[in-house]
Amino acid sequence: MAEPVDLPEPDRVEGAPHPRETLRLIGHDAAERGFLDVYNSGRLHHGWLITGPRGVGKATFAWRIARFLLATPPADDNDMFGAPPTPETLDIPEDHPVMRRSMALSEPNLYLLRRGPNEKGDKLANEILVKEVRKLKGFFSMSSADGGRRVVIIDAADEMNTNAANAILKLLEEPPANTTMLLICHQSARLLPTIRSRCRELRLSPLSPADMSTALGGTGADMSPADADALAELAGGSVGDALRLIHQDGLKLYQMLMRIMATMPDLDRPAALNLAQSLAVRGQEEKLGLFFKLVDLAMVRLARTGLGTPPTRFASSDEQAVLTRLSPHSVAAREWASLAQEAGDRARHGLSVNVDPASIVFDMFMQMRETAAKLR
């Protein structure tokens, strides 16, 4: 028998605390108030869809709700002492047993549904498989003895395959007693409409620059104020994306991209080739993917600049000059927007047919150079 493989947690961002370990939720007071208003009304819905961009705190919010529900006894209409006070926050004491057990993933009334191992058991599956959902049957049977609340967190619901989604839909249609299901979702359009219709939605928005700075400080990331501002700009209000940028040296990568774009339409070919070759090295697949995202972001920012709505904050010292020079008018904006789509499609196709990544990157620079030359 093969030795079991120690797989990473699929819902943890590298270098950051897991959402269950993050006690403070920053920038989403309105969403918390919205949930508490419903809770205090006595009409708690059994299914909640927590939506918003990736990395803005949806999982942290779900864990706060879960701990709150499990640590707060349900109101008893027949309580001789009257109704309990209405909570004004989702906070629970840090020494509460629910807090300790949830941190250790040992809370018996809480189930975390997430991607598990693939069929071979040697890697994480690319999606949540129905076999993971079937484990809920055991959870409901084992946790029903005390008659208290039960909470299921699904992270993330849009990662479920069709069979898993249909199994969850049945639970939402006929929910077990005293059960609240919290579905974290990055792209709600990928969910079955019937799942969406059976949940109450709480949407979280990207964080403000000030909230981003506070949240990044809470992760323990060591950076200068200037780098924090630049990361917040590139991450678009997502702490998760900012942490990915930190651990893949994304800020430096974007600054290198800007330096090469500053030479267009002539193009510093040696610099472009060196960068392309460095991204094609085995083991740099994640950084290569990040590069394509940053190129797409740069072209979107070029298009916005040409349309007269340039960014108000910049991620490198020369970015403002580059954007202004390469996209001075609306015609340029349309060209850059069109290239963003075309270049992304060509890169994805190239990767799918195993074209050398260095060639794909250099080809992308050449497409940008041609566009810049056309607009000169």
On Cα atoms only, tilt of 162-173 relative to the major axis of the chain in degrees = 40 degrees
query = Which of the lysines could a cross-linker span from K137 if the Cα-Cα distance has to be under 18 Å and same-chain partners fewer than 8 positions apart are dropped?
reply = K170
query = Cα centroids of the stretch 199-264 and the stretch 312-351: how far apart, whole angstrom?
reply = 19 Å
Cα-based equivalent ellipsoid of the stretch 249-376: semi-axis lengths in Å, sorted from largest, via gyration tensor = 23, 15, 13
ask   = At q = 0.19, 0.20, 0.25 Å⁻¹, what is the log10 ratio I(q)/I(0) for the stretch 157-206, with the Debye formula run over Cα points and no solvent?
value = -0.62, -0.69, -1.04
message = Normalised radius of gyration for the stretch 276-331, please: alpha carbon Rg relative to 2.2 N^0.38 Å, two decimal places.
response = 1.35
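How big, in percent, is the set of alpha carbon pairs in the stretch 186-301 lying more than 21 Å apart? Let's see the in-between values first.
Numbers: 3426 of 6670 pairs.
Of all Cα-Cα pairs in the stretch 186-301, 51 percent lie more than 21 Å apart.
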query = Which one of F35, L90, V355 has its Cα pushed farthest toward the positive end of the charge dipole of the chain, where Lys and Arg give +1 and Asp and Glu give -1 at the Cβ?
reply = V355
remark   = So the angle from the long Cα axis of helix 58-71 to the longest Cα principal axis of the chain, reported in degrees to the nearest 10, equals 10 degrees
message = Taking a cut-off of 34 Å, what percent of all Cα-Cα pairs in the chain are separated by more than that?
response = 38 percent
remark   = Residues whose built amide H sits under 5 Å from the amide H of T180, excluding neighbours closer than 5 in sequence, are R150, V151, V152
remark   = Comparing R190, R244, R43 in a Gaussian network model of the chain (Cα, 10 Å), the one with the largest mean-square fluctuation is R43
task = With a point put 7 Å past each Cα toward its Cβ, work out how far R269 is from D345 in nm, to one decimal.
result = 2.9 nm
key: In nm, spacing of pseudo-spin labels at R334 and S41 (7 Å Cα→C-beta vector)   = 4.8 nm
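State the dimensionless ratio Rg/Rh of the stretch 173-246 (Rg: radius of gyration of Cα atoms; Rh: Kirkwood radius). Walk me through the numbers before you get to the answer.
Values: Rg = 17.0 Å, Rh = 14.7 Å.
Rounded to two decimals, Rg/Rh equals 1.15.
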remark   = For K293, counting only lysines whose alpha-carbon sits under 20 Å away and dropping same-chain residues fewer than eight positions off, the answer is K252
task = Give, rounded to the nearest 20 debye, the magnitude of the charge dipole that the stretch 218-376 has about its Cα centre when Lys and Arg contribute +1 at Cβ and Asp and Glu contribute -1 at Cβ.
result = 340 debye
request  = Among the aspartates and glutamates, select those whose C-alpha is under 18 Å from the C-alpha of K123, and discard any that sit fewer than 8 residues away in the same chain.
outcome  = E3, D6, E9, D11, E14, E132, D155, E159, E285, E286
ask   = Starting at 0 and stepping by 10 Å, how many percent of the alpha carbon pairs of the stretch 118-216 end up in each bin?
value = 13, 40, 29, 16, 2
The stretch 220-281 - Rg (one decimal) and Dmax (whole number), Cα, Å = 13.5, 42
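Ignoring ligands, DNA and RNA, how do V98, V300 rank by accessible area with a 1.4 Å probe, largest first?
Values: V98 5, V300 65 Å².
Sorted descending by solvent-accessible area, the residues read V300, V98.
The values are calculated or read from the model by the stated rules, or taken from the named source; none is laboratory data. Please read these numbers as outputs of a predicted model, since none were measured by experiment. Heads up, the Cβs are rebuilt from the backbone with ideal geometry, glycines too, and the neighbour counts pull from every protein chain shown. The area values use the complete protein model at the heavy-atom level, side chains included, leaving out ligands, DNA and RNA. Shrake-Rupley method; radii C 1.70, N 1.55, O 1.52, S 1.80 Å.
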